[in-house]
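*Asks:* Have a look at this one.
The values are calculated or read from the model by the stated rules, or taken from the named source; none is laboratory data. Source: prediction; values computed, not measured. Cβ placement follows ideal geometry from the backbone for every residue including glycine, while neighbour counts extend to all protein chains displayed. Surface areas here come from the heavy atoms of the whole protein model, side chains and all, with no ligands, DNA or RNA. Shrake-Rupley method; radii C 1.70, N 1.55, O 1.52, S 1.80 Å.
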Amino acid sequence: MIKAVLFDLDGTLLNRDATVASFIAEQYERLRPSLGHIPKVLYRERFIELDQRGYVWKDKVYRQLIQEFEIEQVTMESLLEDYLDHFRFYCVPFEGLETLLESLKAQGLKLGIISNGKHPFQMGNIDALGIAHHMDAILISESENLRKPDPEIFCRALGRLGVDAAESIFVGDHPVNDIDAAQAIGMFGVWKPSSTLDEAPLANAQIVKLDELNRIIETLNA
């Protein structure tokens, strides 16, 4: 019997690709006096390439951009501060997010998030999506001093929810950090791929849209 559903954040609940594209276009406009010598499309595309879907922290990304594009009128620290201050205003949820969470809560399921990242930044994004009130546990790697795929962060989340691994589902987009790690401790792993380039893990199930999760839970609890 499934009693809890836990989620990754970026690429699973937060449409990070759409969010980054929107944010970086607006950052360019805000800082046009300093960045205007770079074609806007080139700035956006190079940021996305260096960012590697969020797995490279932005100090390194901006330092590289400054070097490559010979940016002189704004510092890496200023660009990073702009990122930290404004990114949350551009957060885009995946379609059906609020409806899904309301449905899961109505079924009496406990909900949680396990996300790698910096605590204030990730919590700002969660708040921007308006989903914190649905969650019974939120674990961010920085504040937990643990990162996925360390099994301990999954076990810690289950402990806070008061459920066993066999009674829980984990939904994520990363084949190793999310799916392999969750399944290794006995959770039911649901892969929601965020890129066609990802090598498919041996997940228990796969979804394209969030609302498909209801069908999976119904089947497991039948």
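*Asks:* Residues with amide H under 5 Å of residue 7's amide H, sequence separation 5 or more or different chain, H placed in the peptide plane at 1.01 Å from N; which?
*Replies:* Excluding prolines and chain starts, which carry no amide H, the hits are 112, 113, 114, 171.
*Asks:* Now a separate question. Take each of the peptides 1-13, 139-151, average the number of other beta-carbon atoms within 10 Å over its residues, and list them starting from the highest.
*Replies:* Details: 1-13: 22.1, 139-151: 17.0.
Taking the mean over residues of other Cβ atoms within 10 Å, the ranking is 1-13, 139-151.
*Asks:* So, with +1 on the Cβ of K and R and -1 on the Cβ of D and E, and no other charges, what is the size of the charge dipole of the range 1-67 about its Cα centre, to the nearest 20 debye? Mind showing how you got there, number by number?
*Replies:* On the way: 11 positive and 9 negative charges, 27 e Å.
The dipole magnitude comes to about 140 debye.
*Asks:* With θ set to phi - 60° and the Karplus curve 6.51 cos²θ - 1.76 cosθ + 1.60, what are the ³J(HN,Hα) couplings of the range 172-179 in order, to the nearest whole Hz, using x for Gly and Pro?
*Replies:* x, 9, 9, x, 8, 4, 9, 6
*Asks:* Suppose only helical runs count, i.e. DSSP H with n ≥ 4. What mean residue ellipticity at 222 nm does that imply for the chain under -39500 (n - 2.57) per run, divided by all residues and rounded to the nearest 500 deg cm²/dmol?
*Replies:* Details: 11 runs with 103 residues, N = 222.
Calculated at 222 nm, the ellipticity per residue is -13500 deg cm²/dmol.
*Asks:* With the other protein chains left in place, how much accessible area per residue, in square angstrom, belongs to the range 2-48 at a 1.4 angstrom probe? It would help to have the intermediate numbers written out before the result.
*Replies:* Numbers: 1750 Å² over 47 residues.
I get 37 Å² per residue for this part.
*Asks:* About its Cα centre, how strong a charge dipole does the chain have in debye, to the nearest 20, once Lys and Arg get +1 and Asp and Glu get -1 at the Cβ? Let's see the in-between values first.
*Replies:* On the way: 22 positive and 35 negative charges, 41 e Å.
Dipole of the chain, to the nearest 20 debye: 200 debye.
*Asks:* In nm, to one decimal, how far is the modelled label at residue 214 from the one at residue 99, with both set 7 Å along Cα→Cβ?
*Replies:* Taking the two extended label points, one gets 0.7 nm.
*Asks:* Give, in nm to one decimal, the length gained when the segment between residue 89 and residue 59 is fully stretched (0.36 nm per residue of separation minus the Cα-Cα distance). Numbers along the way, then the final one.
*Replies:* Working: separation 30, 0.36 × 30 = 10.80 nm, distance 1.98 nm.
Residue separation times 0.36 nm, minus the Cα-Cα distance, leaves 8.8 nm.
*Asks:* Tell me, what is the FRET efficiency for residue 17 and residue 67 to the nearest 0.05, using R0 = 35 angstrom and their Cβ-Cβ distance as r? Intermediate results must be reported in sequence, preceding the final value.
*Replies:* Numbers: r = 25 Å, r/R0 = 0.71.
With a Förster radius of 35 Å, E is 0.90.
*Asks:* Continuing with this model, one more query. Which angle between 0 and 90 degrees, to the nearest 10, do you get for helix 119-129 versus the longest principal axis of the chain when only C-alpha atoms count?
*Replies:* Helix 119-129 and the main axis of the chain meet at about 80 degrees.
*Asks:* In addition: Would you mind telling me the share, in percent, of accessible area of the range 58-168 contributed by carbon and sulfur at probe 1.4 angstrom?
*Replies:* Details: 2560 of 5400 Å².
Summing carbon and sulfur atoms, their accessible area is 47 percent of the total for the range 58-168.
*Asks:* Which of these values of Rg and Dmax of the Cα atoms in Å was calculated from the structure shown: (i) 18.5, 62; (ii) 16.4, 52; (iii) 22.5, 79?
*Replies:* Correct label, based on the coordinates given: (i).
*Asks:* Right, another one. Might you report the magnitude of the Cβ-based charge dipole of the range 51-138 about its Cα centre, with Lys and Arg at +1 and Asp and Glu at -1, to the nearest 20 debye?
*Replies:* Numbers: 8 positive and 14 negative charges, 95 e Å.
Computed charge dipole of the range 51-138: roughly 460 debye.
*Asks:* Here's a follow-up. Say a paramagnetic label sat at a point 7 Å from the Cα of residue 195, along Cα to Cβ; which residues of the range 26-54 have their backbone N under 16 Å from it?
*Replies:* Counting backbone N atoms under 16 Å from the label point, the list is 45-54.
*Asks:* Among 168, 203, 216, whose Cα projects farthest towards the positive end of the dipole of the range 163-222, with charges put on the beta-carbon of Lys, Arg (+1) and Asp, Glu (-1)?
*Replies:* 216
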